[in-house]
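Down below is the structure, laid out as structure tokens.
The values are calculated or read from the model by the stated rules, or taken from the named source; none is laboratory data. Model, not experiment: these values are computed from the prediction. Using ideal geometry, Cβ is built from the backbone for each residue, glycine included, and neighbour counts are taken over all protein chains shown.
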Amino acid sequence: MKKMRLKLKLPKISLPKLKLPKLGRKFFLGKKFLVCAGLAVIVAVGSVIILNGIQKDNLYNTALKNVAEARYYMKSAKGGNTTVQFVVGKRENPYKQDGVTSAPTAFALVNVTGDDTLKALSQIEGTINIGQDQFPVTLLQNPYNPLNFSCDIVSQINREVSPSEDVELTLFITDSKTSTYFKLENAFGEDAISWDKALQVATAKVGDKLKGQAFESYITIMDNVAQDSGAFWYVQFITGEGKTHYCVVAPDGSAIS
């Protein structure tokens, strides 16, 4: 038998002709194109800025969560060769700079530093007036520095202390009848940024060195009353690997180093 071949005729399909615009020089310099291009750039740049801001906020929140020590404010005074400080804040317990934060506890520290005449003393007695309240203090000698004495009176105060409250310290250094009086003043002025804002500034400054690492934060105060150079925030970040990154923040919120 002969094989039969079938011939199929397919209908012709006519596609509509599309006229595409010629993208010449006039198109790229046209107002619509420039506006759209400008909006695209703004959106792209804005997205980068927002993403960067979110990353910094997340890092700051981590730094705030991992505070191992924060000194909220400090009052200080100097008389003769003796410098006194009153510092309020919180500190992890146990206190260990290892990059891992423990639960913090409040402190209200009275600190006294003098000259060689204090070496022979094991402790210094005195009283501290905070606002309308008076508390006895017994400052013990620092075993690592015989010219330094300190006492934590947070349990005696048993209340919050405001930086606006007057603080006065009376010490009986030589004997119980001879006293030395100190009127303490705030280390920072009224317009100075707070400790948590200083932490935010420091995180933005050195945050790139902390990404992807476990770390803890320390916010302390640098104040040399003797030189009358003013106070600064000193922020440290200590990683789990033992690396330290720091930033000095001025009272106006500028990062110095």
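Kindly establish whether V235 is under 20 Å from Q97 (Cβ atoms) and under 15 Å from the mean Cα position of the chain (by Cα).
yes
For the range 102-134, enumerate the residues that are over 24 Å from A68 (Cβ atoms), part of a strand (DSSP E or B), in contact with an Asp or Glu (Cβ under 8 Å, 6 or more places away or on another chain) and not β-branched (V, I, T).
The one that is over 24 Å from A68 (Cβ atoms), part of a strand (DSSP E or B), in contact with an Asp or Glu (Cβ under 8 Å, 6 or more places away or on another chain) and not β-branched (V, I, T): N129.
Every residue in the range 146-182 that is free of Cβ contacts under 8 Å to residues at least 60 places away in the same chain and of a type in the set (S, T, N, Q), please.
N148, S150, S155, Q156, N158, S162, S164, T170, T174, S176, T178, S179 - these are the residues of the range 146-182 that are free of Cβ contacts under 8 Å to residues at least 60 places away in the same chain and of a type in the set (S, T, N, Q).
Those residues that are more than 17 Å from V67 (Cβ to Cβ) and either of a type in the set (V, I, T) or crowded, with 16+ Cβ neighbours inside 10 Å (or both), I need them from the range 187-204; list them, please.
Selection gives A187, F188, A192.
Within the range 210-227, is even one residue of a type in the set (S, T, Y), in contact with a helix residue (DSSP H, G or I) (Cβ under 8 Å, 6 or more places away or on another chain), buried (at least 16 other Cβ atoms within 10 Å of the Cβ) and not in a loop (DSSP other than H, G, I, E, B)?
Yes, the conditions are met somewhere in the range 210-227.
Among (1) modelled with pLDDT of 95 or more; (2) surrounded by 16 or more Cβ atoms within 10 Å (Cβ to Cβ), there is one condition I173 misses while meeting the rest; what is its number?
(1)
At least 3 residues that are within 26 Å of the chain's Cα centre (by Cα) in each: list the strands (runs of 3 or more DSSP E) lying fully within the range 135-204 that qualify.
145-152, 180-186
For the range 179-198, which residues satisfy the criterion of being in contact with a strand residue (DSSP E or B) (Cβ under 7 Å, 6 or more places away or on another chain), of a type outside the set (F, W, Y) and more than 15 Å from M74 (Cβ to Cβ)?
Of everything in the range 179-198, those that are in contact with a strand residue (DSSP E or B) (Cβ under 7 Å, 6 or more places away or on another chain), of a type outside the set (F, W, Y) and more than 15 Å from M74 (Cβ to Cβ) turn out to be S179, T180.
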